[in-house]
Amino acid sequence: MIKLIQSFYYLFLGTWLGSLIMLAFSAAASFKTLRFYKAIPGIEPYSLDIFANKYPEILAGAVVNQSLTYLTQLQVICALGVLLCIFLNFIFNRKNNCKIPSFIRTTLYMLAVATLLIHIFLTAPTMSTLRDKMYNPDITQVERDTTLTKFQTLHKFSERSTGSAVFIIAAIILISPFTTRSNQLLVETKTHETHD
């Protein structure tokens, strides 16, 4: 049963990591492709002449934003799956009298979850509000430039946050076999002591 839990644990972590990497590559590919083809949006206000120099960026941003929405949902599922695996592993370890918690692994997991929650409840909603304001044709150019500056600052934070999450989850995957092995050795040691 423990091996099955560990298999799902790595499956969820791997999928979570993959979704973050996919987001980074899809964003780069979307902006590069739409700039190359000089794509033009077909709906207002994005198709207005005042945004003509931003047409490819507008469409690329829309594609990446939609991808981000779906990938965020996948990340939430993976985070909940990892949490369930950690909980079940803790239960089975207690039954085997193994009470040493994987402190580093759990701490890294909490950091990854915190990064995800910050994106869901702070970064994404704020960027959406700024994006709507930025492409509002009724505001002045000064207001638009100020909004763009705030948006770009938040976008850089989002990129760094995503990069941090990639390294955190990769670290969890890399150290997990070692923490798992330590727990198994402790169980084996206690079993031998009982037989002796």
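List of remarks:
- In order along the stretch 22-29, the Karplus-derived 3J(HN,Hα) couplings, from 6.51 cos²θ - 1.76 cosθ + 1.60 at θ = phi - 60°, round to 4, 4, 4, 5, 5, 5, 4, 5 Hz, and Gly and Pro are given as x.
- Since only Val82, Met127, Leu4 are under comparison, the one whose Cα sits farthest along the positive direction of the charge dipole of the chain, derived from C-beta charges on Lys, Arg, Asp and Glu, is Leu4.
- Only helical runs count toward this figure. For the chain, summing -39,500 (n - 2.57) over DSSP H runs of n ≥ 4 and dividing by all residues gives -29500 deg cm²/dmol at 222 nm.
- Hydrodynamic radius (Kirkwood) for the chain, which is based on Cα pairs only, to one decimal in Å: 19.5
The numbers here are math on the coordinates, done by the rules we state, and not lab data. Here the structure is a predicted model, which means the values were calculated and not measured. No Cβ is skipped: glycine too gets one built from the backbone with ideal geometry, and neighbour counts run over all protein chains shown.
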